[in-house]
Amino acid sequence: MTDPRAPQRITYPLAALTFAGVLLFLCRIGARRQVGLLLRTEAGARSFQTLFGVDAVPHGDTLARTFRLLDPAQLQTVVTGLTTTLIRRTVLDGGRLLERFFVVAIDGTGTLTYHTRHCDHCLTRTQQGRTLYYHCVLEATRVTPTGFAWSVMSEFIENPGPHPTKQDCELRAFYRLAAQLKAQCPRLPLVLSLDGLYACGPVFAQCRQYGWSDMIVLKDADLPSVHEEAAALQPLQPANRLVWSPAGPHSIRQVFRWGDALTYADTARRVHTLSVLECQETRADAQGTPKTTTFKWVTDRSLTAQTVVALAQEGGRLRWKVENEGFNVQKTGGYGLEHGYCDDVTAAKVFYYLLQIAHLLAQLVEKGSLLRRAFPTGLGSAKNTAWCVLEAWRAEGLDRDSLRRIEQGRFQIRFDSS
């Protein structure tokens, strides 16, 4: 990243400041002021001297002042680069869909809410005569069946000015995000897992243009002509049916039905060839009563009995991980996604990207073989792991001999718990 500060006035190198920002989220200390209260210990200062050649841990206010000057787009490139590095090192190969595709779930979430205008880019919503000002972000999240869920790319949903003729929205942000994702990862084989908002012609066209596949939730009110054609073909294609029960302690029965080569003409008169996949899942509720839930997706993939289970389980239904293992963890698990770490718009985006880096690193630590080897019985929870990292930082410190042993040591980290 480019450091815009005058060299003669720099006390902390940019690497030290961004590291402190990541450490704030990795230890889940919840607020910028806690950097000064919890991280600036004697052992922490020793670690910063070893790592960056400075005599102390920077204060949280120093982070905010510097982050106002940075280009968030450069930090976005860093975040995306972390995923591409893991892909090049084959860390994520075990989670490929159909042994080829990487599943990326795309969804939006709110980050900050104010009762007065925060900045010119605030979105607005009026309820019962009261106007709320808020900020949202659209996330492209790499999700895997083993529970990984981390940011690949983010697109902030924000207005260009205080009085726009039309507010920014999640769908518009998707087109911007997709263009950036294709530019940074041009050859990555992707399956996008999307909710029903994206079941429309422009999204189909953009995915085809970029060579991506998709699994999009198909709601009852979406694409009525596709629903009608799929229902009409179902009696004519009795072979397109599969009954499957996943392995596990719970009794679950899934019935898959699908229709291929359906046509859909959008408002721009573009004709798309689609497939519809339906899954009816029956499982017992808490009282032991069988309950059936229906899931339905539209996709560009040609469906067969050999692929429908994987596409449904590891493609379409994996989208919920962006909510559960992604946004929910970042909001309620100590990362403070909805906390305003800085009022400045640019600095707030930098803090957001550092949060995403910390979340990725935390998952690698929690699911890696080194932690299991050091603590065979575990640490109880992810928050306990963060607390152990904080206490080690505050009490142990890192000297040059320890760093040299780490750098020269040879070890392998595995993420397959089997």
For this session: Restricting attention to region 290-310, report how many residues are assigned to a loop (DSSP other than H, G, I, E, B) and under 20 Å from G211 (Cβ atoms).
Result: 5
Exercise. Is at least one residue of region 325-344 under 19 Å from G94 (Cα atoms), crowded, with 16+ Cβ neighbours inside 10 Å and touching a residue at least 40 places away in the same chain (Cβ under 8 Å)?
Worked result: yes
Exercise. Which members of region 141-178 meet the condition of being touching a Gly at 6+ places or on another chain (Cβ under 9 Å) and of a type in the set (V, I, T)?
Worked result: T141, V143, T144, T146, I157
Problem set entry | Selection count where residues are touching a strand residue (DSSP E or B) at 6+ places or on another chain (Cβ under 8 Å) and either open to solvent by less than 50 Å² (accessible area, probe 1.4 Å) or not in a loop (DSSP other than H, G, I, E, B) (or both), scope region 86-136 | 30
Exercise. Residues that are over 23 Å from the mean Cα position of the chain (by Cα), more than 24 Å from T77 (Cα to Cα) and hydrophobic (A, V, I, L, M, F, W, C): which strands (runs of 3 or more DSSP E) entirely in region 141-227 hold 2 or more of them?
Worked result: none
Exercise. Out of curiosity, is R269 in contact with a Leu (Cβ under 8 Å, 6 or more places away or on another chain), in a loop (DSSP other than H, G, I, E, B), open to solvent by 50 Å² or more (accessible area, probe 1.4 Å) and more than 15 Å from D222 (Cβ to Cβ)?
Worked result: no
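Residues are listed down the side, and each one gets a yes or a no for (1) touching a residue at least 24 places away in the same chain (Cβ under 8 Å); (2) open to solvent by less than 40 Å² (accessible area, probe 1.4 Å); (3) in contact with a Lys or Arg (Cβ under 6 Å, 6 or more places away or on another chain):
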| residue | (1), (2), (3) |
| --- | --- |
| R5 | yes, no, no |
| L24 | yes, yes, no |
| G60 | yes, yes, yes |
| T77 | yes, no, no |
Exercise. Pick from R68, R33: which is open to solvent by 60 Å² or more (accessible area, probe 1.4 Å) and in contact with a Ser or Thr (Cβ under 9 Å, 6 or more places away or on another chain)?
Worked result: R68
Seminar exercise, completed: Flagged in region 1-35 as outside any loop (DSSP other than H, G, I, E, B) and under 15 Å from C342 (Cβ atoms), in numbering order, are L17, T18, A20, G21, L24, F25, R33, Q34, V35
For this session: From A149, A140, grab the single residue that is in contact with an Asp or Glu (Cβ under 6 Å, 6 or more places away or on another chain) and open to solvent by less than 70 Å² (accessible area, probe 1.4 Å).
Result: A149
Exercise. For residues in region 376-400 being in contact (Cβ under 8 Å) with a residue 24 or more places away in the chain, part of a loop (DSSP other than H, G, I, E, B) and open to solvent by less than 100 Å² (accessible area, probe 1.4 Å), which is farthest from A358 (Cα to Cα)?
Worked result: D399
For this session: From the list L371, L403, L318, pick out the single residue that is under 30 Å from N240 (Cα atoms), touching a Ser or Thr at 6+ places or on another chain (Cβ under 8 Å) and open to solvent by less than 70 Å² (accessible area, probe 1.4 Å).
Result: L318
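The values are calculated or read from the model by the stated rules, or taken from the named source; none is laboratory data. For clarity, every value in this text was computed on a predicted model and none was experimentally measured. With ideal geometry, Cβ positions are generated from the backbone for all residues, glycine too; neighbour counts draw on all protein chains shown. The area values use the complete protein model at the heavy-atom level, side chains included, leaving out ligands, DNA and RNA. Shrake-Rupley method; radii C 1.70, N 1.55, O 1.52, S 1.80 Å.
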